[in-house]
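These notes are about the structure you will find just below.
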Amino acid sequence: MKDKLIIFDTTLRDGEQSPGASMTKDEKLRIAKALEKMRVDVIEAGFPIASPDDFEAVKLVARLIRGSTVCALARALDKDIDTAAEALKPAASARIHTFIATSPIHMREKLHMQPEQVLAQAVHAVKRARKYTDNVEFSPEDAGRSEIEFLCRVLEAVIDAGATTVNIPDTVGYNLPHQFGELIRQLIERVPNSDKAVFSVHCHNDLGLAVGNSLSAVLNGARQVECTINGLGERAGNAALEEIVMTVRTRQDVFPCDTTLDTTQIVNCSKLVSSITGFPVQPNKAIVGANAFAHEAGIHQDGVLKSRETYEIMRAQDVGWHANRMVLGKHSGRNAFRARLIELGVVFDREEDLNAAFNRFKELADKKHEIYDEDLQALVSDTIQESAKERIKLVSMKVCCETGEIPNAMVTLSVDGEERQSHSPGGGPVDATFKAIESIVHSGSDLQLYSVNNITTGTDSQGEVTVRIDKGGRIVNGLGADTDIVIASAKAYINALNKILEPEERAHPQQI
Ligand code: KIV
Ligand code: ZN
């Protein structure tokens, strides 16, 4: 029997910490349901003390996820731990994850604490968390740059205090695979009570080594990996779940353990996270990139046709790639629509939202005869945006483009319930539209990124537009989908403006 490798997904916590990736509680729930369907063992749902919204999001996930353990992050502070425990109350299986930094630079420059104080606070935090649950994880932040003797002392003490998982983060992505593997091997060997806890790793990708470091740790005894879908996460991101899981699965000749994930859900999860956060997946990204299984060059194609194994080490269908499947059409009724959404993990609490989504579906089916799962996901995002109490809504727009003429856009918005109209010329139809919108809203934000992708194949596909805007250093993403990409662009821009106009007061776990 092989050991089990526990997959701990932190897309909703560390992933959400990447600038622009913040999610609403409903969006978090949709992702959590997809992770549960994929049989992820632990879902880190957020950092409840950060804000009332974060608290509510963790509580909602804890209430509705039954198949995975739901985890909440807490600094090694009483108020953080108590708040995390409160948010996790409805969970069927709950874990509190508490942490404090142990590297000399973090203790000196950030915490202004002596090592002995850090050790005492770590033990106190674990004991407090154990009052609420017997599933407690402890992380010595910046372990990758900590002194091994001190790490050993802290780990021994927190395991004695009741930590059931000890997680070793390479917080700044500084380690090399052979070094990090050796660190894990030594910790397991030198910490006297190491057999009383699961050793976990959490690697950041600053040098592009997050997956390599995590796998090296697994080869040296780690039995939990913390990772995110598409490698989303702060700065260069975290270790990508899909790469960890598929490497372990594909190289069973090397790994002494395996996961219990349903890998056929990987592509779905990847698309969902990308479309909710507005972080597109690069085409050549391993496993989930559009080209990952495309054998373009003639020589490869010839080889693959003769024998799949010539160039393929995994089967595309094993990670959930399939040709777009038509799931609904013009004549599909409300029940078929609702049933398909349930299969996708989408349940509307309010009947009027389901009705609104169904009306959108009918409109879309008039323009586009075959509706795919990807269309439905975009449609659900649009409906949720619409039903949210957004200050700015698109009422109508008219854009004129003609060779030799300057493009012109006329836009009518509803701002706080009052209709306002503006028109503007522009370098192109999107530029004209954005200028017209900005001349109504006066947000003062800068456009940092604009991208458009087709949701499915074919020229009648919906275009999904992502925009990223920045106002005084605060970055948000906006998304919009439509068969008309200029309308999709306007929706995306308005979605981003609604977010940037909303005041954000939110604590960051790693800033004291
Ligand atoms: O990168 C890190 O150190 C973290 C901890 C909170 C585990 O995210
Ligand atoms: Zn992290």
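Identify the residue in the range 159-180 that is under 26 Å from the mean Cα position of the chain (by Cα) and away from ligand 2 (no atom under 16 Å from the Cβ) and, among all such residues, is farthest from residue 225 (Cα to Cα).
Here is the first cut: in the range 159-180, the residues under 26 Å from the mean Cα position of the chain (by Cα) are 164-177, 180.
Filter once more, keeping what is away from ligand 2 (no atom under 16 Å from the Cβ): 164, 176-177.
Working: 164: 15, 176: 17, 177: 14 Å.
My answer is 176.
Identify the single condition in (1) in contact with a strand residue (DSSP E or B) (Cβ under 9 Å, 6 or more places away or on another chain); (2) part of a loop (DSSP other than H, G, I, E, B); (3) surrounded by 15 or more Cβ atoms within 10 Å (Cβ to Cβ) that residue 273 does not satisfy, given that it satisfies every other one.
(2)
Going through the range 104-147 one residue at a time, which ones are surrounded by fewer than 24 Cβ atoms within 10 Å (Cβ to Cβ), over 17 Å from residue 8 (Cβ atoms) and among the polar types (S, T, N, Q)?
Residues satisfying the conditions are 114, 117, 121.
Which of (1) more than 16 Å from ligand 1 (Cβ to nearest atom); (2) surrounded by 15 or more Cβ atoms within 10 Å (Cβ to Cβ); (3) under 30 Å from residue 143 (Cα atoms) does residue 509 not meet, given it meets every other one?
Checking residue 509 against (1) more than 16 Å from ligand 1 (Cβ to nearest atom); (2) surrounded by 15 or more Cβ atoms within 10 Å (Cβ to Cβ); (3) under 30 Å from residue 143 (Cα atoms), the one that fails is (1).
Working only within the range 7-20, note down all residues that are away from ligand 1 (no atom under 14 Å from the Cβ) and either buried (at least 24 other Cβ atoms within 10 Å of the Cβ) or in the same structural domain as residue 381 (by TED's automatic domain parsing) (or both).
From the range 7-20, those away from ligand 1 (no atom under 14 Å from the Cβ) are 7, 19-20; that's our starting set.
The one that is away from ligand 1 (no atom under 14 Å from the Cβ) and either buried (at least 24 other Cβ atoms within 10 Å of the Cβ) or in the same structural domain as residue 381 (by TED's automatic domain parsing) (or both): 7.
Quick check: anything in the range 258-270 assigned by TED's automatic domain parsing to the domain that holds residue 32, touching a strand residue (DSSP E or B) at 6+ places or on another chain (Cβ under 7 Å), of a type outside the set (Ser, Thr, Tyr) and within 16 Å of ligand 2 (Cβ to nearest atom)?
no
Take the residues in the range 417-441 that are of a type in the set (Ser, Thr, Tyr) and surrounded by fewer than 21 Cβ atoms within 10 Å (Cβ to Cβ); name whichever of them is farthest from residue 500 (Cα to Cα).
As a first pass, look at the range 417-441 and keep what is of a type in the set (Ser, Thr, Tyr): 422, 424, 433, 439.
Imposing the further condition that a residue be surrounded by fewer than 21 Cβ atoms within 10 Å (Cβ to Cβ) reduces the set to 422, 424, 439.
Details: 422: 21, 424: 22, 439: 16 Å.
So, considering only residues that are of a type in the set (Ser, Thr, Tyr) and surrounded by fewer than 21 Cβ atoms within 10 Å (Cβ to Cβ), the one farthest from residue 500 (Cα to Cα) is 424.
Return the residues of the range 123-158 that are of a type in the set (Phe, Trp, Tyr) and within 16 Å of ligand 2 (Cβ to nearest atom); say none if nothing qualifies.
Here is the first cut: in the range 123-158, the residues of a type in the set (Phe, Trp, Tyr) are 132, 138, 150.
The answer is 138, and nothing else.
Please work out if residue 190 is under 28 Å from residue 312 (Cβ atoms), more than 25 Å from the chain's Cα centre (by Cα) and more than 13 Å from ligand 2 (Cβ to nearest atom). Steps first, please.
Working: under 28 Å from residue 312 (Cβ atoms): no; more than 25 Å from the chain's Cα centre (by Cα): yes; more than 13 Å from ligand 2 (Cβ to nearest atom): yes.
It is false that residue 190 is under 28 Å from residue 312 (Cβ atoms), more than 25 Å from the chain's Cα centre (by Cα) and more than 13 Å from ligand 2 (Cβ to nearest atom).
From the residues in the range 205-226 that are in a loop (DSSP other than H, G, I, E, B) and of a type in the set (A, V, I, L, M, F, W, C), which one is surrounded by the most Cβ atoms within 10 Å (Cβ to Cβ)? So that I can check it myself, show each step before the final result.
Within the range 205-226, the first condition is being in a loop (DSSP other than H, G, I, E, B), and the residues that meet it are 205-209, 220-223.
After this cut, where a residue has to be of a type in the set (A, V, I, L, M, F, W, C) as well, the list is 207, 209, 222.
Numbers: 207: 15, 209: 22, 222: 26.
Per the criteria, the residue is 222.
Please go through the range 102-122 and give me each residue that is out of contact with any Ser or Thr (no Cβ under 8 Å at 6 or more places or on another chain), within 16 Å of ligand 2 (Cβ to nearest atom) and not in a helix (DSSP H, G or I), ordered by number.
Within the range 102-122, no residue meets the criteria.
So residue 202 fits all but one of (1) more than 20 Å from residue 136 (Cα to Cα); (2) touching a helix residue (DSSP H, G or I) at 6+ places or on another chain (Cβ under 9 Å); what number is the exception?
Result: residue 202 passes all but (1).
What residue, among those in the range 58-80 that are within 14 Å of ligand 1 (Cβ to nearest atom) and buried (at least 21 other Cβ atoms within 10 Å of the Cβ), is nearest to residue 9 (Cα to Cα)? Break it down into steps so the answer makes sense when it comes.
Of all residues in the range 58-80, those within 14 Å of ligand 1 (Cβ to nearest atom) come to 71-77, 80.
Right, trim to buried (at least 21 other Cβ atoms within 10 Å of the Cβ) and you get 71-76, 80.
On the way: 71: 10, 72: 12, 73: 12, 74: 16, 75: 19, 76: 21, 80: 21 Å.
The qualifying residue nearest to residue 9 (Cα to Cα) is 71.
From the set of residues in the range 68-88 that are within 16 Å of ligand 2 (Cβ to nearest atom) and of a type outside the set (D, E, K, R), which is nearest to residue 37 (Cα to Cα)?
71
Residues being of a type outside the set (A, V, I, L, M) and within 16 Å of ligand 1 (Cβ to nearest atom): count how many of those fall in the range 23-57. Let's see the steps before the verdict.
Taking the range 23-57 as the starting set, the residues that turn out to be of a type outside the set (A, V, I, L, M) are 24-28, 30, 33, 36-37, 39, 41, 44, 46-48, 51-56.
Still in the list and also within 16 Å of ligand 1 (Cβ to nearest atom): 44, 46-48, 54.
Of the residues in that region, 5 qualify.
Here's a check for you: in the range 148-184, which residue that is under 17 Å from residue 133 (Cα atoms) and among the β-branched types (Val, Ile, Thr) is surrounded by the fewest Cβ atoms within 10 Å (Cβ to Cβ)? So that I can check it myself, show each step before the final result.
Residues of the range 148-184 that are under 17 Å from residue 133 (Cα atoms), as a first pass: 158-166.
Right, trim to among the β-branched types (Val, Ile, Thr) and you get 158-159, 164-166.
On the way: 158: 28, 159: 21, 164: 17, 165: 23, 166: 28.
Per the criteria, the residue is 164.
Has the range 458-481 got at least one residue that is within 23 Å of residue 23 (Cβ to Cβ), touching a strand residue (DSSP E or B) at 6+ places or on another chain (Cβ under 7 Å) and assigned to a loop (DSSP other than H, G, I, E, B)? Step through it out loud before you land on a result.
At the first step, the residues of the range 458-481 found to be within 23 Å of residue 23 (Cβ to Cβ) are 462-481.
Checking the rest, the ones that are also touching a strand residue (DSSP E or B) at 6+ places or on another chain (Cβ under 7 Å) come to 462-470, 475-481.
Checking the rest, the ones that are also assigned to a loop (DSSP other than H, G, I, E, B) come to 462.
Checking the range 458-481: at least one residue is within 23 Å of residue 23 (Cβ to Cβ), touching a strand residue (DSSP E or B) at 6+ places or on another chain (Cβ under 7 Å) and assigned to a loop (DSSP other than H, G, I, E, B).
Which condition number in (1) closer than 30 Å to residue 39 by Cα; (2) within 16 Å of ligand 1 (Cβ to nearest atom); (3) of a type in the set (A, V, I, L, M) is the one that residue 122 fails?
Result: residue 122 fails condition (1) only.
Find the residue count for the range 7-52, including only residues that are within 16 Å of ligand 2 (Cβ to nearest atom), part of a helix (DSSP H, G or I) and more than 11 Å from the chain's Cα centre (by Cα).
The number of residues fulfilling the criteria is 1.
Does the range 25-41 contain any residue that is of a type in the set (Gly, Ala, Ser) and over 24 Å from residue 478 (Cβ atoms)? Please lay out each step first, then the result.
Step one: list which residues in the range 25-41 are of a type in the set (Gly, Ala, Ser), which gives 32, 34.
Checking which are over 24 Å from residue 478 (Cβ atoms) leaves us with none.
No.
Check off (1) surrounded by fewer than 14 Cβ atoms within 10 Å (Cβ to Cβ); (2) closer than 30 Å to residue 75 by Cβ; (3) in contact with an Asp or Glu (Cβ under 6 Å, 6 or more places away or on another chain) for residue 470 and give me the number that stays unchecked.
Of everything listed in (1) surrounded by fewer than 14 Cβ atoms within 10 Å (Cβ to Cβ); (2) closer than 30 Å to residue 75 by Cβ; (3) in contact with an Asp or Glu (Cβ under 6 Å, 6 or more places away or on another chain), residue 470 misses just condition (1).
The values are calculated or read from the model by the stated rules, or taken from the named source; none is laboratory data. The structure displayed is predicted, hence computed values, not measured ones. Please note: Cβ atoms are built from the backbone with ideal geometry, for glycine as well, and neighbour counts cover all protein chains shown.
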